[in-house]
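The values are calculated or read from the model by the stated rules, or taken from the named source; none is laboratory data. These numbers come from a predicted model, not from an experiment. Cβ placement follows ideal geometry from the backbone for every residue including glycine, while neighbour counts extend to all protein chains displayed. When the accessible area is computed, the model is the full protein with side chains, heavy atoms only, and any ligands, DNA or RNA have been set aside. Shrake-Rupley method; radii C 1.70, N 1.55, O 1.52, S 1.80 Å.
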Amino acid sequence: MKSFTKYLWFQTKKQREFVPITDEVQQAVNESGVREGLCLVSAMHITASVFVNDEEDGIYRDFEKWLERLAPSTEDWMHNRTSDPNADAHLKRTVMGHQVVLPITKGQLDLGPWERVLYGEFDGRRKKRVIIKILGA
Amino acid sequence: MKSFTKYLWFQTKKQREFVPITDEVQQAVNESGVREGLCLVSAMHITASVFVNDEEDGIYRDFEKWLERLAPSTEDWMHNRTSDPNADAHLKRTVMGHQVVLPITKGQLDLGPWERVLYGEFDGRRKKRVIIKILGA
Amino acid sequence: MKSFTKYLWFQTKKQREFVPITDEVQQAVNESGVREGLCLVSAMHITASVFVNDEEDGIYRDFEKWLERLAPSTEDWMHNRTSDPNADAHLKRTVMGHQVVLPITKGQLDLGPWERVLYGEFDGRRKKRVIIKILGA
């Protein structure tokens, strides 16, 4: 059994941003040497997300509008009385999910035709990390 | 270490539909020969979902009403200006989740009394796939 | 390859409650002897959640308010015509997620600075279980 760990770093320019990372994840799979296994890709911060969806600007804007409606940044959340007034980012990331587990088959991410891996930032402009943990043979 | 891969195919008659798949997943576990391990069940399309919930018609209808309220199919989403006007299906599947990882203990899916595995279709009437990837011993 | 299984039991005093479980999960990792691997932590009931977020009272209250707004307990859901009138708990748990997969590196949960594992109960005052399933070496 092989295991492999890699960290990706992010520092987005905007408060909220979607960043495609499929190629970086496949690169990690290549480095791991794993041919059959599972690949966890997980945000290490609770105001960020890793998810699978379309790599398309329209849907990014739909997500942005929709998440702001579901969890408004302007609302008087209790968590905003702490030193980090980013409650809406916690809620937005909860909707989007914090991680994915990707199947690896014959050394490749075994994804459907439109499946792309994305990093979702909801409280950006600071350094954040994503962990890739691969298990298999 | 053993690994095992299987694909399930779906083509629902309705645009939105919930399909129970627990038995198909247990069947894959049987075929894998894995006694202790993890079983990923993941939609390979970004307008479909795999999730664990109740196999009960009332909750299906509640999900349907609730998801349409949270992410209306009638709204003017940006993604609908592409060739695939199914933005609401992307959002609905995001709420429901795109995958589950199920524990395998003594060759059986180790589920609680009411846990059932379901496929959620939000843009149906076309061929879709789910991947089952099993890792263990 | 090693595998390890442990069950955590809960019986909350309140209908809805968040319970920190990071230490219990790390304890299971210690017992497993796994140094590199994946740790699934999954609610075995469909009205409960396991998720990663902040261990902070303000965000707990924000989640409570927000989930009640998204999925009101007072609404006339179809599932409430069954013997278990807890439809809102099914929906709330769906938003929060039912499980997490945590990376294990050098025998420790490989979590970011603010990542904490939480059990979310949405239909409490009865016995519930969480499964921890660890795979690795």
Phi to ³J(HN,Hα) by Karplus 6.51 cos²θ - 1.76 cosθ + 1.60 over segment A:7-16, Hz, x for Gly, Pro: 10, 9, 9, 9, 9, 6, 7, 9, 4, 10
Charge context of B:Glu56, other residues only, Cβ under 14 angstrom, K/R +1, D/E -1: -4
Within 10 Å of each Cβ in B:11-17, the average number of Cβ atoms from other chains: 0
At 7 Å out from Cα toward Cβ: A:Arg81 inter-copy label distances (nm, ascending): 4.3, 4.3
Computed accessible area, B:Ser49, all protein chains, 1.4 angstrom probe, square angstrom: 0
Copies compared at C:Arg126 - label distances in nm, ascending, label defined 7 Å from Cα in the Cβ direction: 4.2, 4.2
Value at 222 nm in deg cm²/dmol, rounded to 500, when DSSP H runs of n ≥ 4 in chain B each add -39,500 (n - 2.57): -8000 deg cm²/dmol
Residue (of A:Gly112, A:Pro20, A:Gly124) at the positive-pole extreme of chain A, dipole from beta-carbon charges: A:Gly124
Nearest-20 debye value, chain B charge dipole, Cβ charges on Lys, Arg, Asp, Glu: 540
Alpha-carbon centroid distance for the pair segment C:37-94 / segment B:110-137, whole angstrom: 21
Rotation relating B and A, chain A residue nearest the axis via C-beta, angstrom: A:Met1, 3
Other protein chain Cβ atoms within 10 Å, averaged over every residue that makes up A:91-98: 5
Longest exposed-site-free window of chain A, the sites being trypsin sites (Lys or Arg not before Pro) in a DSSP loop that have at most 12 other C-beta atoms within 10 Å: A:15-105
Overall form of the protein assembly as shown per C-alpha gyration tensor (a/c, 1.5; a/b vs b/c): rounded
Solvent exposure ordering (accessible area, 1.4 Å, most first) of B:Met96, A:Met78: A:Met78, B:Met96
Lys, Arg +1 and Asp, Glu -1 on Cβ, resulting dipole of the protein assembly as shown about Cα centre, debye, nearest 20: 900
Label distances, nm, A:Glu68 versus same residue in remaining copies, Cβ-directed 7 Å point: 2.8, 2.8
Proximal lysine pairs, segment A:2-136, alpha carbons under 25 Å, eight or more residues apart or interchain: 22
Within-12-Å neighbourhood charge of A:Ser73 [Cβ basis; K, R +1; D, E -1]: -3
